[in-house]
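**Student:** For reference, the structure I am asking about is given below.
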Amino acid sequence: MADSKQARNDIALDMIDLDRYPIADLDSGPGAEFLAECQRSMDDQGWCNLDGFIRADALEQLNGEANDLLPTAEVLHVKRNIYQGAIDPSAPEDDPRRKEFTHIAAQLADDQIPAETRLKRLYHSDTLTEFVRRVQRKAQLFRCADEFQALNIVALQPGSWHAWHYDTTECTVTLLLQAAEAGGEFTFLPNSRTDEAEDREAVDRLLSGDMRQARTFSRGAGAFTLFRGGYSLHGVTRVEGGRSRISAILTYDEQPGRLIEDEINIRIYGKRVENILASRKTQATA
């Protein structure tokens with residue numbers, strides 16, 4: 001149970017529509033009923049989408065922050081297979097590990113988002129973290145300790161998309177800050193793998209362009225979405241029109257202090273992060 005005094009002092013709650021989404025008290029009344037609905041959605045569908053989670057005035061401020069920061073973002077050309085790795089030339093020719101997918105996005109890593117921004121304060125809300133933990137039915141949950149991956153802002157510009165992939169963590173949480181004029185739909189293959197196996201037939205069909213088993217749902221700006229991205233292959237369709245699709249990616253982990261491998265961070269964030277990590281290794285051996 002979240003401490004009620006802590007919840008009252010959590011300034012991030014000023015941004016959330018608590019009348020519709022009473023996350024400050026999940027153990028009684030409307031909050032308990034709401035939590036049960038979210039848990040059922042995660043159990044039955046693998047996702048929980050909360051449209052209008054952020055109040056309109058707060059959303060305007062958050063989106064303004066993102067648009068102010070994005071001109072400093074690198075436009076990243078991320079190349080990877082669907083498992084976030086480099087292609088494996090030793091794998092069979094029809095193996096997904098040999099197929100490379102590219103997406104282009106303007107992206108800000110956690111270390112590029114100032115601590116005083118409302119977006120980072122929202123991410124660091126203990127009440128919000130507790131809500132995410134309860135929806136996922138985790139014994140414990142922590143905000144990601146990785147200095148690059150914890151909180152990201154991603155802008156897909158018109159004509160770009162997010163390539164098919166699995167996430168490195170079990171549950172991804174996204175906040176849509178600015179919707180595209182058209183396109184830019186979140187699309188996924190439900191429960192395409194487990195900890196033990198993958199539905200290769202379904203995955204191969206999707207990668208070949210067969211979308212019949214794929215699912216999608218429309219999301220408006222201000223939507224907060226919990227999704228088991230580690231178990232469902234997913235991506236974002238091509239953005240159309242004249243406006244970028246901007247989202248915040250909030251990352252959590254069951255283990256405190258766990259960091260993402262350098263190879264993955266370099267593949268995602270490019271030369272800037274490669275230089276940071278290389279400089280540290282040089283200083284450590286000096």
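No value in this document is a laboratory result; all are computed from the given coordinates. Source: prediction; values computed, not measured. Here Cβ is always computed from backbone atoms with ideal geometry, including for glycine, and neighbour counts include all displayed protein chains.
**Student:** Whole Å is fine, so just give me how far the alpha carbon centre of segment 228-242 lies from that of segment 13-65.
**Tutor:** Comparing the Cα centres of segment 228-242 and segment 13-65, I get a distance of 22 Å.
**Student:** Can you bin segment 7-81 into rounded, prolate or oblate? Criterion: square roots of the alpha carbon gyration tensor eigenvalues sorted a ≥ b ≥ c, rounded for a/c under 1.5, prolate for a/b above b/c, oblate for the rest.
**Tutor:** Taking the square roots of the gyration eigenvalues as a ≥ b ≥ c, segment 7-81 is oblate.
**Student:** PRE reach from K271 (point 7 Å along Cα→Cβ): which of segment 74-92 fall under 13 Å by backbone N?
**Tutor:** Inside the label zone: 74-77.
**Student:** Which lysines have a Cα lying under 26 Å from the Cα of K99, excluding residues fewer than 8 positions away in the same chain?
**Tutor:** Here the lysines satisfying the reach criterion relative to K99 are K79, K271.
**Student:** For the chain, with the dipole built from +1 on Lys and Arg beta-carbon atoms and -1 on Asp and Glu ones, taken about the Cα centre, which of F148, L50, T102 lies farthest toward the positive end?
**Tutor:** It is T102.
**Student:** Ranking H77, H165 by Cβ neighbours within 10 Å, fewest first, what do you get?
**Tutor:** By the 10 Å Cβ count, ascending: H77, H165.
**Student:** Please report how far the C-alpha centroid of segment 244-285 lies from that of segment 145-160, rounded to the nearest whole angstrom.
**Tutor:** After rounding, the separation between the Cα centres reads 12 Å.
**Student:** Rounded to the nearest 20 debye, what is the charge dipole size of the chain about its Cα centre when +1 sits on each Lys and Arg Cβ and -1 on each Asp and Glu Cβ?
**Tutor:** Dipole about the Cα centre, nearest 20: 420 debye.
**Student:** Aspartates and glutamates near K281 by alpha-carbon distance under 15 Å, same-chain residues fewer than 8 away left out - which ones?
**Tutor:** In chain and number order, the partners are E261, D262, E263.
**Student:** Measure out, as a whole number of angstrom, how far apart the alpha-carbon centroids of segment 89-130 and segment 180-200 sit.
**Tutor:** Their Cα centres are 16 Å away from one another.
**Student:** Now for a separate question. Using just the C-alpha positions of the chain as equal point scatterers, what log10 of I(q)/I(0) does the Debye formula give at each q in 0.11 1/Å?
**Tutor:** Taken in order of the listed q values, log10 I(q)/I(0) reads -0.65.
**Student:** Using only C-alpha positions, report the orientation-averaged shadow area of the convex hull of segment 25-151, nm², one decimal.
**Tutor:** One quarter of the hull surface, i.e. the mean projection, equals 11.0 nm².
**Student:** For D25, which sequence-distant residues (separation of 5 or more, or a different chain) have an amide H within less than 5 Å of its own amide H, given hydrogens modelled in the peptide plane?
**Tutor:** When sequence neighbours closer than 5 places are left aside, there are no close amide H contacts.
**Student:** How big is the Kirkwood radius of segment 160-286, worked out from every pair of different alpha carbons and given in Å to one decimal?
**Tutor:** This gives a value of 16.7 Å.
**Student:** If you don't mind, another one. How about segment 1-91: which trypsin sites (Lys or Arg not before Pro) there lie in a loop by DSSP and see at most 14 other Cβ atoms within 10 Å?
**Tutor:** Filter output for segment 1-91: R20.
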